[in-house]
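The values are calculated or read from the model by the stated rules, or taken from the named source; none is laboratory data. Only a predicted model underlies this, so the values are computations on that prediction, with no experimental measurement involved. Here Cβ is always computed from backbone atoms with ideal geometry, including for glycine, and neighbour counts include all displayed protein chains. Heavy atoms of the whole protein, side chains included, go into the accessibility calculation; ligands, DNA and RNA do not. Shrake-Rupley method; radii C 1.70, N 1.55, O 1.52, S 1.80 Å.
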Amino acid sequence: MIPFPAIENKLLKVIAFFLLFAAVAAFAYTGKYIFLLAPFVFCFVVLAGLNWKLVYWILLFTIPFSMEIELASGSLATTIPDEPIMWLFVIIFSLLWAKSPEILPKWWWRNPLVLIIVLQFIWTLVAVGFSQELFLSLKFTLAKIWMLISFFVFPVWVFKEKKDFKKAFILILIPLLATMVVIMVRHAAIGFSFILLKKAIGIIYYNHVDYSTVMSMFLPLLFVAYSLSKGKWVLRNILIVLILFFLVAIYLTYARAAMVAIFFSLAIYIGIRLKFAKLIMPVFYGFMALILVLAVRNNTYLDYRPSYNNTYMHKTFTEHMIATLRGTDMSSMERVYRWIAGVRMSTDKPVTGVGPNAFWYYYKPYAVTSFKTYVSRNPEQSTAHNYFLFMLVEQGWPAMILYGILIMVIFAQAQNIYHRFKDRFYKKCTIGLAMLVAAAFINNFFSDLIENNKVGALFYLSIALLVILDKKSREEQEQLQLEAATQPKP
């Protein structure tokens, strides 16, 4: 399938030589190396026209090591090289859609997960229409568009066979492992310091939460690969080493949410195997609602306010954990500070919220000052640190409810798919993807990372693959029923 109109080789050569000349001239005049990228970008676009599936594999390979750069004097930012490639896929999708509006199969549209994500996107557009920060909300929406097109839509045309699932696993694992090795070497050079971890991470990841989240999400896939490698002893030993390396690396990020995420993903594994995964999220939501009611009743939450002078960042992970249990850890109490502000803030605009990307501009007047910490000035403009509140405050109750339903349906559908399949490979893939989403869910309960390029890519790609696996499991079931019907009766 070639989405671009055919261009004669002679014209391509003329364009390429002209672009090369212009790029060199621009570099000579300005001294900026960015102009030298133009010929490579041109070649990449041509490659996309000839073989966009190869470009898609390149996109998956770039995810772990893509880094954020600022544009327009800091008013805009992007991640390279993955985000420009996503822009290219928006163009490809637009051309494909224009050529054939029915290019997405009917079975894809009928899946409940697709319906929920489409409704989420539609409601995002509604929230943008009522946004108090329109420019920021439009930026958010554009980023959402190329994220969804690249990682939720395109997989339906890419993942056809088992080899495609294996290839994607390897293409993400190799660069992810490379970033981990680099960070571990840097971290070792500073004595695995808790307070200097950000220095070791550098610009590869936004912070240690981003880094630990990606690793905890990918870890279940290593367990799946191990279970599928039975009889291949060399591969099994390599996977054991990789699993241990991931566990050590996650611990050394000192990210509590990532550690909890591993245990929650194991709970989802057990739930799917024993057929009670459908109940996990309703029970979780009920438990959180109970805590919220008890906290709000008679303003009980005020009894847990910290002492401003005793809430600070700790030098070791042990002190960090002890402070967490005592309620004196700065990062934990800052989360509570913003959660309270978010809940109070949501009462003013309960339906549409203040608009995507607008939380930071409006939350402080709603905060309870007795929960204030040393980092409450928030110069880095971080947000609610809870994806439910992030949705509630910025896009209203409909957005939060849709997210809650999405997570619940993912686990319910994964359980159905797993028990419908007879094919061992696809069964393992299903449970691994569900565990990946489980890890993402817990990390996002204490942060809001789905809009992050690395976390969002893995999250939406996993959901897309579950949609594809749902179709495959039904086809397998139909095939088995057909074979049983055609078997001669004894």
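What part of the accessible area of the chain, given as a whole %, is carbon or sulfur when the probe is 1.4 angstrom? Intermediate results must be reported in sequence, preceding the final value.
Values: 16960 of 24550 Å².
Carbon and sulfur: 69 percent of the exposed surface of the chain.
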Quiz item: How big is the charge dipole of the chain about its Cα centre, in debye rounded to the nearest 20, if each Lys and Arg gets +1 on its Cβ and each Asp and Glu gets -1 on its Cβ?
Solution: 1120 debye
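Applying a 10 Å radius around every beta-carbon, put 192-205, 384-397, 127-140, 353-366 in order of their mean neighbour count, most first. Numbers along the way, then the final one.
Numbers: 192-205: 16.4, 384-397: 24.7, 127-140: 18.1, 353-366: 20.9.
Most protected by this proxy first, the peptides run 384-397, 353-366, 127-140, 192-205.
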Quiz item: Quick one: if you stick a label point 7 Å off each Cα along the C-beta vector at Tyr29 and Trp97, how many nm between them?
Solution: 3.6 nm
Quiz item: Which whole-number value in Å² is the accessible area per residue of the chain, probe 1.4 Å?
Solution: 50 Å²
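Evaluate E = 1/(1 + (r/R0)^6) for Val185 and Glu476, where r is the Cβ-Cβ distance and R0 equals 41 Å; express this FRET efficiency to the nearest 0.05. Walk me through the numbers on the way to the answer.
Values: r = 45 Å, r/R0 = 1.10.
For Val185 and Glu476, the calculated efficiency is 0.35.
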Exercise. Show the residues, 5+ positions off or on another chain, whose built amide H is closer than 5 Å to the amide H of Met67.
Key: Ile80, Asp82
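Classify region 162-295 as rounded, prolate or oblate from the Cα gyration tensor: take a ≥ b ≥ c as the square roots of its eigenvalues, call it rounded if a/c is under 1.5, otherwise prolate when a/b beats b/c and oblate if not.
Working: a/c = 2.36, a/b = 1.14, b/c = 2.06.
Oblate shape, in that a/c is at least 1.5 and b/c is the bigger or equal ratio.
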Quiz prompt | Packing rank of 333-343, 222-232, where each peptide gets the mean count of other beta carbons within 10 Å, highest leading | solution = 333-343, 222-232
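Once you've got the Cα coordinates, tell me which of Lys230/Lys472; Lys275/Lys349; Lys144/Lys364 are over 30 Å apart.
Working: Lys230/Lys472 24 Å; Lys275/Lys349 39 Å; Lys144/Lys364 26 Å.
In this structure, Lys275/Lys349 exceed 30 Å between Cα atoms.
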Quiz item: From the Cα gyration tensor of region 70-169, with a ≥ b ≥ c the square roots of its eigenvalues, which class applies: rounded if a/c is under 1.5, or else prolate if a/b is larger than b/c, or else oblate?
Solution: oblate
Exercise. Please give the net charge around Asn357, taking every other residue with its beta carbon less than 14 angstrom from that of Asn357, where Lys and Arg add +1 and Asp and Glu add -1.
Key: -2
Quiz item: Out of these labelled values of volume of the Cα convex hull per residue in Å³, [x] 231; [y] 193; [z] 176, which was calculated from the coordinates shown here?
Solution: [y]
